[in-house]
1. Just how large is the dipole of the chain about the Cα centre, in debye to the nearest 20, putting +1 at every Lys and Arg Cβ and -1 at every Asp and Glu Cβ?
2. With the cut-off at 14 Å, report for region 358-404 the share of all Cα pairs above it, as a whole percent.
3. Can you tell me what share of the DSSP beta bridges in the chain is antiparallel? A percent to the nearest 5 is fine.
4. Could you compute the FRET efficiency for S38 and A337, with r as their C-beta to C-beta distance and R0 at 25 Å, rounded to 0.05?
5. If R₀ is 35 angstrom, what is the calculated FRET efficiency for the pair Q213 and L252, using the beta carbon separation as r and rounding to 0.05?
6. Just to be sure I understand the model, the point goes 7 Å from the Cα along the line to the Cβ. What's the resulting D115 to M228 distance in nm?
7. Set Lys and Arg Cβ to +1 and Asp and Glu Cβ to -1, take the dipole of the chain about its Cα centre, and tell me which of A355, V306, A223 lies farthest positive.
8. Quick one: net charge around G282, please, counting Lys, Arg +1 and Asp, Glu -1 for every other residue with C-beta under 12 Å from its C-beta.
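The values are calculated or read from the model by the stated rules, or taken from the named source; none is laboratory data. Keep in mind that this is a model prediction, so the values were computed, not measured. Don't worry about glycine lacking a Cβ; one is built from the backbone with ideal geometry, like all the others, and counts go over all protein chains shown. Heads up: the accessible areas ignore ligands, DNA and RNA and are worked out on the full protein's heavy atoms, side chains in. Shrake-Rupley method; radii C 1.70, N 1.55, O 1.52, S 1.80 Å.
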Amino acid sequence: MSASHDCFAHDHALLALSDAIALLQTRLGPVCQTEDLSVSEALGRVVAVDVVAQVTVPPHDNSAMDGYAYRAADIQPGQATVPVARRIAAGDPPGAPLDAGTAIRIFTGAPMPPDGDTVAMQEDCQTSVGPNGETLVTLPTHQKTGANRRLAGEDVAAGTVVLPAGRRLRGPDLAMAASVGHRTLTVYRPLKVALFSTGNELKAPGEALEPGQIYDSNRFGVAGCLQMLGCAVTDLGSLPDNAERITAALELAARDHQLVVTSGGVSMGDEDHVKKAIERIGTLHFWRLAVKPGRPLALGSLGDTVFLGLPGNPVAALVSLMLIGRAVIHRLQGRTATPMRRYRLPSAFAFSKKAGRQEFIRCWLEDDASGQVSVQRFASQGSGVLSSMVKADGLVDVTIDTTEVRPGDLVDFLPFAEALW
């Protein structure tokens, strides 16, 4: 079971975001089963066991350039023209040791000949024909011993962990796995997430709107973010504010999903049926976070299935998913904790708030006349201003104790590009 029924219980006081995430790290764990996939199929998956190098990379000393390999001790000032004994291309065996006072034509990636320790780039060399028709090469005399030579094992030694368990695989990771001899990798299966939104006012995009109705945007935005985080999403649609239908949907979703995500219905109003349903059929632990936007937010369990209830306002739903849902998903996926990266950048705006609440404001990056990057905020920070999420580059974290940001102050900028991986 991924979360005990009381693992998030608290006294309902406002909880700091950092405390909430720390609690997640200690109380949630991987729920996804593993499978073996070919390296070519593993992009975006989470490694379940350490990937260990089966070979040394590179396996032998090799040339970093097209040119001529030689033994540096054989080259003396004024005696830099030597015969070319043979050639070695990538994939050829290194052959016999170098004869004293000779060079070998060599190509990038080709193994260095025994006793060869230096490579001169071909553009720094001149070739000529000797008196007996042999090929001669004039080598530069200013090179250091070992120039343009890659040493065996200078990248990876056999037995080294090259990809630790808990890492989500990117393109370069697949290249590394292949380079050390792995055809398949043991990875976690995608986290199975059920998603639905609630509200009598919601209509599917394209349908005619009656007075008081709006199009359901949360479900599409949240589903897209979940997929970017590597989840397999089952879209259960939009449900009206009906206690029986919401309860049935939660029970059905919990049967064959590891996480159920909803938007709306988790506040304290008469029509907040998601909250009431979870209390009846599962366990609900409200996180009254000292965060804006992002309240109300609910975390609970339906048997062995984790429940995450996002706010109904579209900005609050997306920001909450990035700040809290991301941490929940990473733990359930078996990922190593990867806090959102922060960049200290100068503010180009003024902002004030009360102490006691951490605020995340939507901002974009701009360059001034000198090319210096600063952060500018959107004037409207309402939880329903979805256009600001489209135009923004990320969030600025205004800490609990901060009451004022002035132009020029350094602020913590969290880019969206790194929040959804």
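1. Details: 38 positive and 45 negative charges, 104 e Å.
It works out to roughly 500 debye.
2. On the way: 580 of 1081 pairs.
Counting pairs separated by more than 14 Å, the tail of P(r) holds 54 percent.
3. Working: 58 of 84 bridges.
So the antiparallel bridges amount to about 70 percent of the total.
4. Working: r = 28 Å, r/R0 = 1.12.
So the FRET efficiency works out to roughly 0.35.
5. Values: r = 26 Å, r/R0 = 0.74.
Calculated value: 0.85.
6. In this crude label model, D115 to M228 measures out at 6.0 nm.
7. Going by the Cα projections, it comes out as A355.
8. Details: positive: K275, K276, R280; negative: E251, E279, D304.
Every neighbour counted, the sum reads 0.
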